[in-house]
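Visitor: First the structure, then my questions, so here it is.
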Amino acid sequence: MAATGNNGIAPVVMAFDEVCFGEGGEQALHNISFDVRRGETLIIHGAAASGKTLILKLALGLLKPTRGRIFLFDRDVTRLAEREWFDMRSRVGVLFQEGGLFDSLSIEENVAYPLLNQRLLHFPEEQVHDRVEQSLEFVELGHTLEKFPSELSGGMRRRVGIARAIVTQPELLLYDSPTAGLDPITANTIMALIVKGRDVRGATTVMVTHRHQDGEILARYRFDERTSTLVPALEDSTHTRYLVLREGSVAFLGSSAEFDASKDPYVTMFASR
Amino acid sequence: MFEFLKSPVLAFQEFIRLSGRAIAGIPRKPYYMDDLFIQMDLIGVGSLPVVILTGFFSGAVMALQMSRALQTYGATSQVGTIVSITLVREMGPVLTALMVAGRNSSGMASEIGSMKVTEQIDAMRALGTDPVMKLVKPRLIATAFVLPLLTILADFVGLIGGWVVACYMLHLTTGQQFWESAWRALQYDDIAQGLVKPFVFAIVLSLVGCHYGMQTTGGTQGVGRATTQAMVVASVSVVVLTFVIGRIFTSL
């Protein structure tokens, strides 16, 4: 269930207000507006080059919007200085499309990286190993501590990426095409881990994907801690919303039920009918 | 009208911004000492064989080529003077910097460029690390520290090369005369010039390598392009800067 504030409405974790990116004819995002409340799941669909990844990069401050405002944890971060961003980012976990693992560091060092480098965390150094092990166990890769990313398969690298994203137990998790280029079995394993990551800690989750199956798993399943499996969720209990992008503009924004009922031919391409 | 200038001006602006941030970051925490020592080892110790070989043979070639001219004027005893002044003022710093540009500026561009195209730079920023402090600053400090040392070594080995050719191959002069004339020929401003140059070159070489790495786009092809550009720009900068610094010293 989405965490609620005093007035019964969950606070906004991330919001875009009329955000544009790029200039003139090369505008990659036009007037993007949406918000994500605490405990919600937002699935961002769209064709290739529709601006999905850009939204995550803007939300992380890796790029600056040309117009509009971006809010993170109730703070306007649109023009935040890079140094201030480092503290803001310690509240966000992210999985990049290619995993973004540091190839010169071992798996243990990769997962430990945010714990040792995020100043706000003040994580005790003597506990780093245990926390890293715990996080890798979560993605069932506890035996890979000493290995290097090049020694792992694509799916395993993506799982290490998830372990690194959740190791600091962030309030907001961003996943950029977590199953891109993976076979269906590995893709389902990754999605199960993302659902587990969301439900075990109740983290707000934003996932970019072009696979409707990924969105469905996130919207319709929840992780059952008792049986350690995914079970069908009660209607709307996952608080999932969909944002569909078409050539840099919002083609659809709404709840899971509205998404399923949409008659827009472009939107229906991302829904399983 | 000046559309064609937009891209190089923007690139130069980015280079200045990166340089400013890296230099301003030197006294600021975090220091990443491990990375600094790794870079010193890579640039300094790693470049030793190539710098020693280049230094030795440049001194040897200098003595060899000057022998005929000196014999014409009956000034073969001055071979030490010529080898020492040319090496310390010009050839030592320039050749060492060119070797380091070929080895390390391109290496920095390809390493950082590969990180850029595989989203490791973005990941670094997202995970709370400033890539300028973590990647650029250690490379800048390490190069600025080791290039003058490598140059001193190249100068010395070059003098040995000149001495071997002058005394044992061509019998132009005696060993004592060679070393005495080489030592006496050097003035303080020669040594100053010979040390200021590698220091300035080091700053430019490291920043050019890092800049091209940071600007890399377009996958593996982009990494190759960045590597080549870094090496070319760094090498040309060395040749241009040696003239500029030389001109400043001659007008002092």
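Visitor: If you take the accessible area of A alone plus B alone and subtract the pair, what total do you get in square angstrom, rounded to 100, with a 1.4 Å probe?
Guide: Counting protein atoms only, the buried area is about 1700 Å².
Visitor: Follow-up question, since we're still on this one. How much accessible area per residue does the protein assembly as shown have, in Å², with a 1.4 Å probe?
Guide: 47 Å²
Visitor: Length gain on complete extension for the stretch A:E140 to A:C20, per 0.36 nm per residue less the alpha carbon to alpha carbon distance? List each step's numbers first, then the result.
Guide: On the way: separation 120, 0.36 × 120 = 43.20 nm, distance 3.98 nm.
Result: 39.2 nm gained on full extension.
Visitor: Over all Cα pairs of chain B, how is the pair count split among 5 Å bins, expressed in % and running from 0 up to the last occupied bin?
Guide: For chain B, the binned pair fractions read 1, 7, 12, 15, 16, 13, 11, 8, 6, 5, 3, 2, 1, 0 percent.
Visitor: What relative contact order, as a whole-number percentage, does chain B give when Cα pairs under 8 Å and 6 or more residues apart are counted?
Guide: Relative contact order comes out at 34 percent.
Visitor: Another one. For a quick check: with amide H placed at 1.01 Å from N, whose amide H comes under 5 Å from A:R222's, ignoring anything fewer than 5 positions away on the same chain?
Guide: Close amide H contacts, sequence-distant or interchain: A:V231, A:A233.
Visitor: Quick query: amide H of B:T216 versus all other amide H atoms, modeled in the peptide plane; which residues come in under 5 Å with a sequence gap of 5 or more or a different chain?
Guide: Here the answer is none, since no amide H 5 or more places off falls under 5 Å of that of B:T216.
Visitor: Let me ask something additional. Taking B:K116 as the anchor, which lysines have their alpha carbon closer than 19 Å to its alpha carbon, excluding any fewer than eight residues away along the same chain?
Guide: A:K57, A:K64, B:K134, B:K137
Visitor: Still on this structure, please answer the following. Considering only protein heavy atoms and a probe of 1.4 Å, how much of the accessible area of the protein assembly as shown is carbon and sulfur, as a whole percent?
Guide: 59 percent
Visitor: Would you jot down the residues in region A:78-111 that end up with at least 20 Å² less accessible area in the complete protein assembly than in the chain alone, with a 1.4 Å probe?
Guide: When all protein chains are present, A:E82, A:R83, A:F86, A:R89, A:V94, A:F96, A:E98, A:G100, A:F102, A:D103 each give up 20 Å² or more of accessible surface.
Visitor: How big, in percent, is the set of alpha carbon pairs in chain A lying more than 22 Å apart?
Guide: Of the Cα pairs, 56 percent sit more than 22 Å apart.
The values are calculated or read from the model by the stated rules, or taken from the named source; none is laboratory data. Here the structure is a predicted model, which means the values were calculated and not measured. To get the accessible areas, we keep the full protein, side chains included, count just its heavy atoms, and leave off ligands, DNA and RNA. Shrake-Rupley method; radii C 1.70, N 1.55, O 1.52, S 1.80 Å.
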